[in-house]
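Here's the structure, in structure tokens; my notes come after.
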Amino acid sequence: MTESKETNGLKQGTLNILNGIGLGVIAALVPAAILGQLMKALLGVAPAFAQTVINITTFTQSLLAAMGGFCAAYLFQMNMIQMCSVAAAAMIGSGAVTFKNGLIMVAGTGDVINIGLTITLAILLIKLIGNKLGSYTTILLPIIVLVVGGGIGLLILPYVKTVTTFIGMIVMAFTKLQPLLMGVLIGMSFAAMIVSPISSVGIAVAIGLTGVASGAANLGITGAAYTLGIMSYSVNGMGTTLAHFIGTPKIQMANMLEKPKLFVPVLLSSALSGLLAAIFNLQGTPNSAGFGFSGLIGPLAAYAKMTPGWGSIILLTVLYVVYPVALGFFMRWLFIDRLSFAQAEDLRLEV
């Protein structure tokens, strides 16, 4: 009985951390995803306003660790001081904050794997300390969690990044394969990464993913995002459904890792999508790969590599909207309605 309780407690704790990061992803990344390209289009009309919005949403992305830490601590039913301490430690350990020559620089979202590890360390510290500090808790707890939890997170960051490097080497090997097979494997790889703690964008930039490989990565993510959104629309509502592809499907990370069978429809969708990217010679850049439909970054990067005109616009509309919507409904019919392989409830998000 005790072992069962410990196992359940460990499982729930892990889900709290993953769900916390997922909620942080929504709060930190979705504003930039929705407003980014719109504001860039408005730079020529209202430059001051548009640039201000771009600056705000770009900076907000760098707060992913803090938001994820705060949300995770909330799910553990911690008090305000504890939640703030976890958020601060997560920010330090994320890698989004760097210190050089007396300057503090904030850029990027940080390493999501290390964010999760740092949040775990911070929460374990708080649980370990408990009420031992008495009336000094308010003063000492933030210091201990920040210095010890955040400090350890900062120390292990270079080693955790080797995971990203290793995965990048595997993905790079895929780019050497025959184009159709490459498209399938790249599409599947990036779909798997986008619903895991691994940064799909970070991998793409690190290995300089370009050309059809970049297009396959984007379309693979797009297929996965629409599939997850459409398979879960009956339990998540329209707004959360749209967040899967307008924002990021990483919001399903906790559900995916709790129920690995959900990777089956996701990987099938991404394989078919990556194949189409290779067939239609869909391309992209290292900076666009890994975004999918989010912020229209994938489609716009692909259009920049195509012959301008309505033909290209129609093709991109089919590949990034019509096809993935049809694919999503097919996957819902096949895996939920027909095979009962999964349930929409498996993908419920508590936002």
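Overview of results
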| quantity | calculated |
| --- | --- |
| Ranked by how many other beta carbons lie within 10 Å on average, peptides 120-127, 103-110 from highest | 120-127, 103-110 |
| Reach of Lys261 by Cα under 18 Å, taken over lysines that are not fewer than 8 positions away in the same chain | Lys11, Lys250 |
| HN-Hα J in Hz across the range 341-347 - Karplus 6.51, -1.76, 1.60, θ = phi - 60°, x for Gly and Pro | 5, 9, 10, 4, 4, 4, 10 |
| Residues with amide H under 5 Å from that of Phe293, placed H, sequence gap 5 or more | Thr222 |
| Fully extended contour minus Cα-Cα distance, from Leu155 to Lys127, at 0.36 nm per residue | 7.9 nm |
| Peptides 158-166, 145-153, 242-250 ordered by average Cβ neighbours within 10 Å, highest first | 242-250, 145-153, 158-166 |
| Dipole magnitude of the range 281-351 about its Cα centre (Cβ charges: Lys, Arg +1; Asp, Glu -1), debye to nearest 20 | 240 debye |
| Dipole-positive endmost among Ile139, Gly22, Phe291 within the chain (Cβ charges, Cα centre) | Phe291 |
| Gain upon complete extension [Ile279, Ile56; 0.36 nm per residue less C-alpha separation] | 76.4 nm |
| Correct option for Rg and Dmax of the Cα atoms in Å [calculated from the coordinates] among (1) 21.1, 64; (2) 19.3, 59; (3) 20.8, 69 | (3) |
| Peptide ranges 170-180, 40-50 listed from the most packed, as the mean C-beta count within 10 angstrom indicates | 170-180, 40-50 |
| Charge dipole of the chain about the Cα centre (unit charges at C-beta), most positive-ward option of Ile246, Gly187, Ala66 | Gly187 |
| Relative contact order (percent, whole number), the chain, Cα cutoff 8 Å, 6+ residue spacing | 18 percent |
| Candidate residues Glu258, Glu345, Glu350: accessible-area rank, largest first, probe 1.4 Å | Glu350, Glu345, Glu258 |
| Long-range amide H partners of Leu177 with built H, under 5 Å | none |
| Simple spin-label estimate for Val325 and Asn287 in nanometres, 7 Å along Cα-Cβ | 3.1 nm |
| Percentage relative contact order, the range 171-244, counting C-alpha pairs under 8 Å, at least six apart | 30 percent |
| Kirkwood-Stokes translational diffusion coefficient of the range 78-233, alpha-carbon pairs, 10 °C, 1.306 mPa s, µm²/s | 90 µm²/s |
| Mean residue ellipticity (222 nm) of the chain, computed from DSSP H runs ≥ 4 via -39,500 (n - 2.57), nearest 500 | -22000 deg cm²/dmol |
| DSSP H segments from the chain that extend 27 Å or more along their own axis, Cα-based, with Kyte-Doolittle mean of -0.5 or above | 2-41, 151-174, 211-231 |
| Lys, Arg +1 and Asp, Glu -1 on Cβ, resulting dipole of the chain about Cα centre, debye, nearest 20 | 260 debye |
| Cα centroid separation, the range 231-251 to the range 26-80 (Å) | 18 Å |
| Estimated inter-spin distance, Val163 and Tyr136, nm [label 7 Å along Cα→Cβ] | 3.5 nm |
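The values are calculated or read from the model by the stated rules, or taken from the named source; none is laboratory data. The shown structure was predicted, so the numbers you read here are calculated from the model rather than taken from an experiment. Reconstructed Cβ throughout: ideal geometry from the backbone, glycine too, with neighbour counts over all protein chains shown. Areas reflect the complete protein model, heavy atoms only, side chains present, ligands, DNA and RNA absent. Shrake-Rupley method; radii C 1.70, N 1.55, O 1.52, S 1.80 Å.
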